[in-house]
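Engineer: Quick one: structure below, then a few questions.
The values are calculated or read from the model by the stated rules, or taken from the named source; none is laboratory data. Just so it is clear, the structure is predicted and the values come from calculations on it, not from any experiment. Quick reminder, even Gly has a Cβ in these numbers, built from the backbone with ideal geometry, and neighbours come from all protein chains shown.
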Amino acid sequence: MDRIEITRAARFAGEVTPPPDKSISHRAVMFSSLARGKGVVRNFLRAQDTESTMHAFRALGIEIDDQGHTLIIQGKGLHGLTEPADIIDCGNSGTTIRLLSGVLSANPFFSVVTGDSSLRSRPMARIIKPLSLMGARIAGRDQNRYAPFAISGGSLKAISYDMPMASAQVKSAILLAGLYAGGSTLITEPSKSRDHTERMLPAFGADLKTDGLSVSIHSGKELYAQEIDVPGDFSSAAFFMVAALLIPGAEVMLKNVGINPTRTGLIDVLRNMGAHIVIDNVRSVSGEPVADIFCKGQTGLKAATVTAEMVPSLIDEFPILCIAAARAEGTTIIRGAEELRLKESDRIKAMATELSKMGVALEEFPDGLSITGTETLRPAEVDSHGDHRIAMSMAVAGLIAEGTTAISNASAVAISFPDFFTSIRRLTA
Ligand code: S3P
């Protein structure tokens, strides 16, 4: 299924329950492994990235009873992990390698972590530096900049750390190390990244406090097993939201979607563009806000401007926002988004390259893109760049383009949303 053809949609209607949240699924497995007792994770995301986290914790001696969408995890407490017998392969998953490194830094054994070619080209100095300041001994490729890297863990000291970039992965890696470090670890971000760790860790018993852009964690508290229900992933729902808005006559109800405000910047931008998005049945599930979201096809979306402060809350939605911009009236400008060059692919370059093939006028900046909307997208042979979110965004572009668009390396969707094309086919049939 590596080359997929998508034809212009004459219909796009129905109900979709997006796959479980990827960020929350990773954290549920990690925190349950570090807690004492039998943890339950319901509605766990079955996808390549989250399975990398499962494999990693099994390699560290944690028993996970895999019941499909439910995992039963026999947590061994903060000090129960054992030295892995082999290199831990984190696949394509930045969340796995970075958060795991925070844990490994504090554990008194030797470990080596690596990943696929994409992950091995993503920056790791952003975690290696603060974890080394805490006392971890880490040696990585190219002067501690890239995986693979080896960690000799041990006792850590608390630090106060000003993060140079907003990143939930870096913040969470330091917080996890902070669970073990003597004293109180304080982290400050330049702007707020997703806060799933801050919501979930205290539920397990951690002594963690948030104050604006700062988070502190005090060591010395054991974690205790919990039952976690993972909500649907807003970042996966986003592809259906934008597709529904752009396809004439579309009507889509998205059920059980996480709407944590650190994740839903796309809704604010789409509403500024004139989109009518209905959020209904808001409730709280395992400490996270959840809702049903209704979108329907509409004409006359207007261009938007996205600035640096808005970027963290829509960091993973940039590719699909580019598709909305490609159909909006006027020129959408997205700046302050240089972090996007460091994701599973260089997402600024990938979207500029692929949308250009479809006849969209755009300009690439070091930190973003400007995109001038057009009435008609040209069908083309496009490529996912091995990146799940580029594959899904270009599929949505294919649904609104003339004729038939072909996407190569489309199997990348399995990183976060293995059934993506099945869901698309169901709504267009
Ligand atoms: C994630 C954080 C974000 C996001 C990634 C998942 C997480 O990365 O892009 O898809 O689960 O913490 P950064 O924290 O590096 O920006």
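Engineer: Among Glu354, Glu339, which is in contact (Cβ under 8 Å) with a residue 24 or more places away in the chain, within 16 Å of the ligand (Cβ to nearest atom) and touching a helix residue (DSSP H, G or I) at 6+ places or on another chain (Cβ under 7 Å)?
Structural biologist: Glu339
Engineer: With buried (at least 24 other Cβ atoms within 10 Å of the Cβ), at negative phi and outside the structural domain of Arg42 (by TED's automatic domain parsing) as the only criterion, which of Val269, Val257 stands out?
Structural biologist: Val257
Engineer: Among the residues of the range 238-261, write down those that are within 16 Å of the ligand (Cβ to nearest atom) and among the aromatic types (Phe, Trp, Tyr).
Structural biologist: Result: Phe239, single match.
Engineer: Residues to consider are Ser191, Ser216, Ser235, Ser184; find the one that is closer than 26 Å to Leu45 by Cα and either within 12 Å of the ligand (Cβ to nearest atom) or in the same structural domain as Gly68 (by TED's automatic domain parsing) (or both).
Structural biologist: One residue alone meets the criteria, Ser235.
Engineer: A further question follows. Go through Tyr161, Tyr224 for me and flag whichever is aromatic (Phe, Trp, Tyr) and within 16 Å of the ligand (Cβ to nearest atom).
Structural biologist: One residue alone meets the criteria, Tyr161.
Engineer: Hey, another quick one. If a residue counts only when it is modelled with pLDDT of 95 or more and out of contact with any Asp or Glu (no Cβ under 6 Å at 6 or more places or on another chain), which strands (runs of 3 or more DSSP E) contained entirely in the range 353-396 have at least 3 such residues? Write out each step before concluding.
Structural biologist: Working: elements: 361-365, 368-372, 381-383.
Counting at least 3 such residues, we get 361-365, 368-372.
Engineer: Looking at the range 13-35 only, could you name the residues that are assigned to a helix (DSSP H, G or I) and away from the ligand (no atom under 11 Å from the Cβ)? If you could, list the steps in order and put the result at the bottom.
Structural biologist: Within the range 13-35, the first condition is being assigned to a helix (DSSP H, G or I), and the residues that meet it are 22-34.
Within the range 13-35, Ala28, Val29, Phe31, Ser32, Ser33, Leu34 meet the criteria.
Engineer: I've got another one for you. Looking at the range 83-99 only, could you name the residues that are within 19 Å of Arg194 (Cβ to Cβ) and touching a residue at least 60 places away in the same chain (Cβ under 8 Å)?
Structural biologist: Those that are within 19 Å of Arg194 (Cβ to Cβ) and touching a residue at least 60 places away in the same chain (Cβ under 8 Å): Asn92, Ser93, Gly94, Thr95, Thr96, Arg98, Leu99.
Engineer: Within the range 324-353, take every residue that is within 19 Å of the chain's Cα centre (by Cα), under 19 Å from Gly386 (Cα atoms) and among the aliphatic types (A, V, I, L, M) and give me the one that is surrounded by the fewest Cβ atoms within 10 Å (Cβ to Cβ).
Structural biologist: The residue in question is Leu342.
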